[in-house]
Amino acid sequence: MTTKAFDAVKLMRELRDRLSQEMEHMTPEERVRYISAEAASTGLAKKFTEDDEDAAQQADGANRPAAGG
């Protein structure tokens, strides 16, 4: 049997357990604010925002009639 260099399942379980413990006494609204703040503090949030803006611009352009027509 080989040893894994990275165990994604183990990491996911550790993260889930840590978040559950941190949010244990929060209301649902507090949890949403906490998760939003944590996500905003990462580069991943910026990427998703940029992707959403790009998709919206592409959709807007696709809905416009062709020039001269």
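The values are calculated or read from the model by the stated rules, or taken from the named source; none is laboratory data. Here the structure is a predicted model, which is why all the values come from computation and not from measurement. Note: accessible area is taken over every heavy atom of the protein model, side chains too, but ligands, DNA and RNA are not part of it. Shrake-Rupley method; radii C 1.70, N 1.55, O 1.52, S 1.80 Å.
Please compute the Kirkwood hydrodynamic radius of segment 1-56 from all pairs of different C-alpha atoms, in Å with one decimal.
Over segment 1-56, the inverse of the mean reciprocal pair distance is 13.8 Å.
So which aspartates and glutamates pass the test for Lys4, namely a Cα distance under 18 Å, with those fewer than 8 places away in the same chain ruled out?
Glu14
Please report the accessible area of Val9 (heavy atoms, 1.4 Å probe, ligands and nucleic acids excluded) in Å², nearest 10.
Taking all protein chains as shown, Val9 has close to 80 Å².
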